[in-house]
1. Could I have the simple spin-label model distance between Ala398 and Ser120, label points 7 Å from Cα toward Cβ, reported in nm to one decimal?
2. Can you tell me the Rg and the Dmax, both Å, for the Cα atoms in the range 6-177?
3. Can you send over the solvent-accessible area of Cys170, 1.4 Å probe, protein chains only, in Å² to the nearest 10?
4. Pairs of lysines 8 or more apart, or on different chains, with alpha carbons under 21 Å: count those in the range 6-177, would you?
5. Return P(r) of the range 1-90 (all Cα-Cα pairs; 5 Å bins starting at 0; whole %; ordered from short to long distances).
6. Roughly what % antiparallel, to the nearest 5, for the DSSP beta bridges in the chain?
7. Share of antiparallel DSSP beta bridges in the range 6-177, in percent to the nearest 5?
8. Computing the accessible area with a 1.4 Å probe over protein heavy atoms, can you report the carbon and sulfur percentage for the range 161-283?
Amino acid sequence: MAQAEVGLIGLGVMGANLALNIAENGFPIAVYNRTTEKTEAFYAEAGDLQDKIVPCESFEALVAAIRPPRPIIIMVKAGDPVDQQIAALKELLEANDIIIDAGNANFRDTQRRFDDLKDSGLTFIGMGVSGGEEGARHGPSIMVGGTPESYDRVSEMLDAISAKYKGQPCSAYLGTDGAGHFVKTIHNGIEYADMQMIAEVYGVLRDGVGMTAPEIGDVFARWDNGRLDSYLTEITAKVLKATDPETGQPVPDIILDRAGQKGTGRWSVIEAQQMGVPATVIEAAVAARSLSAAKAEREAAEDVYGAGRGALDLLDRDELIDDLELALFAGKISAYAQGFAVMAAASDEFGWNLPMDTIAKIWRAGCIIRSQFLDDIAASFEKDRDLSNLLMAPDFVAMMKSAHPSLRHIVSTAVKAGIAVPALSAALAYFDGYRQGRGTANLIQAQRDFFGAHSFERIDAEGAHHGPWGLD
Ligand code: 6PG
């Protein structure tokens, strides 16, 4: 066989599926796994794709099998394992070879690795890959950060293996060093917000209306044909309608209400805070997961206080369901506005020049948050590349104007009934805060000046002022 075009290290679920996708698209690939049995099993199961796969038992064999400059994808657990692979590869690779980290790395690690490799002649690509197992196998969304030259070496392959939206590849070069991993992190932050708001709507229908999981599944299935059309809406409907073969119960009813998290949501919030950009919907979603994990403590608190949840004051169930659809839609607009605002701030801070329209475009297919809605976002950023906030895009102004009253109605109804809707509440509060020409920070400034002489600005004069606080 001719030399491989690319190498891949780490044949876990994501790595194995990505390797098969690459081979299937006609790019010969050399693969390596720490345990040789895994490499052998992978090769044995590759069927017709075997002639495009070179199974390797050592790093030396892997490196020898690839056409220089060699792109080598690392698909191992984020953190130290990535550094270990880089250290080992560094000894064997030559100038212009490209190490590609395709895991969910913290972009700050990616920046460090990019800088560390600068003097070695090797280059580093931090590549966000979204779409789970299915996406890796049949077309993920791919977010690339690195040098334009190293991207040139792999762009054709990445376009080929990525998901397509109306024929357009959902893969793009987004900027230098950590740009790709940063954008993937915010993708996940938005994913957290989307999932949490969906779970809150489920909570309103389950606890406030008393609907069963399959009944709620029907509602989501209907919504999937409208403005909420998205992968997450679609799978929510499927999940809610699934039956547990052992008990005959709806599957969601037999799942513990405790959700894990691997870090990308938290990183989104940390970075937003570092830059002073509100990301409150994402933050509420991350916090809700953390609270979900404290199961025993919540049970103890319920014993003390009671769950305090009651049925909704409901006149018309269909009307409520229509309102919920619009409320979820308004919540999404707030969450995405925050996510894009965080990316805009990071773009300035790190000099990435992130192309917002391209980001929205490559999220339209392949990734977990893929949706019709992202096509509207792409169109708005295409019309105005310097859009300050999605909430100010003319098309979104119209959407938000029609949807925010429902968000207010749902949040207030849920709050009255004692049903926690933290992410939807945060989305509403963000909107209400964002649209206030005069808020209440005048009082904060006065307080700061009172206790710390921090000064304040006046509405009727330039410069820094201090108050006559009558301290005596
Ligand atoms: C994706 C997913 C993927 C993974 C997350 C889940 O875009 O394909 O986001 O990256 O499912 O790691 O994150 P948590 O485990 O933190 O929920």
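1. So the two model labels end up 5.3 nm from each other.
2. When restricted to the Cα atoms of the range 6-177, Rg and Dmax are 14.6, 43 Å.
3. We get 0 Å² for Cys170.
4. Count of close lysine pairs: 4.
5. Calculated over all Cα pairs of the range 1-90, the distribution is 3, 16, 28, 28, 17, 7, 1, 0 percent.
6. Antiparallel bridges make up about 30 percent of those DSSP assigns within the chain.
7. Of those bridges, close to 25 percent are antiparallel.
8. 51 percent
The values are calculated or read from the model by the stated rules, or taken from the named source; none is laboratory data. All figures in this text were calculated on a predicted structure; none of them were measured in a lab. Neighbour counts are summed over all protein chains in view; Cβ atoms, including those assigned to glycine, are modelled from backbone coordinates with ideal geometry. SASA here: full protein model, heavy atoms, side chains in, ligands and nucleic acids out. Shrake-Rupley method; radii C 1.70, N 1.55, O 1.52, S 1.80 Å.
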